[in-house]
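Presented below is the structure to which this report refers.
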Amino acid sequence: MSNDAILKIKDKEYSLPMIVGSEGETAIDTRKLRNQSGCITYDEGYGNTGSCQSDITFIDGEQGILRYRGYPIDELALKSDFIETTYLIIYGDLPTSEQRAEFARLLSANAHVHSGMIHLLEGYSRDAHPMAILSAMVNSLGCYDPHLATNDHKHDLENFSEASAVAISKVRTIAAVSYRVSKGLPVIYPKEGLSYCDNFLHMMFSEPNQDYVATPEVSHALNLLLLLHADHEQNCSTSTVRMVASSGANLSASTSAGICALWGPKHGGANMAVIKMLESIHAEGDDGSRFVEAAKTGKGGKRLMGFGHRVYKNFDPRAKIIGQACEKLLDSLGIEDPCLDIARHLESVALKDDYFIERKLYPNVDFYSGIVMRAIGIPLNMFTVMFAIGRMPGWIANWKEVASDPKGKIYRPRQIYTGPVKRDYVSIENR
Ligand code: CMC
């Protein structure tokens, strides 16, 4: 008996092959359906569409499971760090000590940005949004290292180790420099010998005559935050990276497009929106209960930011981890943040409310990440930039999958046209 799915359109049957993933996920392969039947499948927002086969990340949204290359996120959060996890995501396996040392060497060697880029950064207006600067600057990386970004995937892959290290290392420097420039502060350059996260904090918060030294708790919290954002299968920004890569575009162009996609409030911009929401609830003297009621009506586009997810219909496992880390960090720093109390209250009210229960809306990673970033000292308009630094390994790994596929097709969805039917041109004096 065939395992194919059978689709009946009018009185004709079509046999469609099934694809089964390594975790038993199944898909109906409709690639040949249009040629056979004239029909396309319609799935606005791609909620039920598999756009690729990928070896990188597994999510089971119903069970609240997230694994990078097979490793559960909670185990990585406990035992690994951002750079080791970055290596895992990009190269497929945890590094040996030699591989890790070589990766660290490449990151250090590529920590500085070209002086031309510093001039460009200094040219932005003070109130320019750091996400606009970041996307432009990441795309510009290809202008300063043209051999790493040729739009010839074969050539780009030959230089992949260096290009990916450039992207991972310099995105952090660009982010910190853009912050310093926007504040009118002198640029602080990367310092040899510091870990990835400590070096970022040094470039953000040191002064020419006084080094900022991160406490182990702050350093750990930043590591964890980036690790939890490192990949998340075919979300909006990662699909964008793959879409752009599918045209043959290079790594910096493709990841820059991912940064633009991440910027929106329904995606990476949600961490900023959460803090704004918590602050306004606090300013209005609400404990969160009134806001939850308003979010249920959806009036004025109100939503409980940091809640709900396209894929998770259960707790986002990242939200649990960051929620616990948040309490520990604030305790260690002696910070009492009223937003944390409001967030805890919002969570407990929403989790008992039928509206949220019926729609399976749970806290997502952004619900607590903003409170962590604020405690570290990251300004609000840099929150989504932090998400972008964390997501870089996932974008790079996905770019590599697309670039390495010799039979890869350009991504080109179809549409159902709903505009006017054919009509004749009318000259301007007769309109
Ligand atoms: N507050 C109140 N109602 C909500 C919320 C929310 N946060 N999220 C979804 N709903 C309702 C929505 O109004 C709809 O109700 P109804 O069926 O009565 O029309 C139902 O739940 C389904 O919502 P949807 O918009 O069709 O769901 P989606 O899968 O398209 O959207 C989402 C997912 C994340 C965009 C959405 O839940 C949302 O806007 N959440 C707030 C923003 C947010 O926290 N985004 C960060 C996502 S996690 C970070 C990342 O991976 O990018």
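The values are calculated or read from the model by the stated rules, or taken from the named source; none is laboratory data. Nothing here was measured: the structure is a model prediction, and the numbers come from that model. Using ideal geometry, Cβ is built from the backbone for each residue, glycine included, and neighbour counts are taken over all protein chains shown.
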Notebook entry, point to check: What number of residues within region 292-320 satisfy the criterion of being among the small types (Gly, Ala, Ser), within 21 Å of residue 66 (Cβ to Cβ) and part of a helix (DSSP H, G or I)?
Noted result: 1
Margin query: Within region 126-138, does at least one residue satisfy the condition of being modelled with pLDDT under 90 and charged (D, E, K, R)?
Written below: yes
Item checked: Those residues of region 1-21 which are touching a residue at least 12 places away in the same chain (Cβ under 8 Å), in a loop (DSSP other than H, G, I, E, B) and not acidic (Asp, Glu), in sequence order -> 2, 3, 17, 21
Note to self: If I filter region 298-311 for residues that are surrounded by 14 or more Cβ atoms within 10 Å (Cβ to Cβ), free of Cβ contacts under 8 Å to residues at least 12 places away in the same chain, over 30 Å from residue 57 (Cβ atoms) and within 11 Å of the ligand (Cβ to nearest atom), do I get at least one hit?
What the structure shows: yes
Item checked: Hey, residue 53 under 25 Å from the mean Cα position of the chain (by Cα) and not small (Gly, Ala, Ser) or not -> yes
Margin query: Can you find, within region 248-291, the residue that is surrounded by the fewest Cβ atoms within 10 Å (Cβ to Cβ) among those that are within 14 Å of the ligand (Cβ to nearest atom), at negative phi and outside any helix (DSSP H, G or I)?
Written below: 266
Checklist line | Search result, residues across region 72-83 that are of a type outside the set (A, V, I, L, M) and either surrounded by fewer than 18 Cβ atoms within 10 Å (Cβ to Cβ) or at pLDDT below 95 (or both) | finding: 72, 74, 75, 79
Item checked: Residue that is closer than 30 Å to residue 145 by Cβ and in contact (Cβ under 8 Å) with a residue 24 or more places away in the chain, where the choices are 115, 37, 80 -> 80
Check: Among (1) within 15 Å of the ligand (Cβ to nearest atom); (2) among the acidic types (Asp, Glu); (3) over 29 Å from residue 237 (Cβ atoms), where does residue 331 come up short?
Finding: (1)
Check: On the given criteria, is residue 348 away from the ligand (no atom under 13 Å from the Cβ), under 24 Å from residue 215 (Cβ atoms) and among the hydroxyl-bearing types (Ser, Thr, Tyr)?
Finding: no
Checklist line | Of all residues in region 139-165 being in a helix (DSSP H, G or I), hydrophobic (A, V, I, L, M, F, W, C) and over 18 Å from residue 385 (Cβ atoms), the one that is modelled with the lowest pLDDT | finding: 148
Check: Residues of region 357-387 being within 19 Å of the chain's Cα centre (by Cα) and without any contact (Cβ under 8 Å) to a residue 40 or more places away in the chain, which ones?
Finding: none
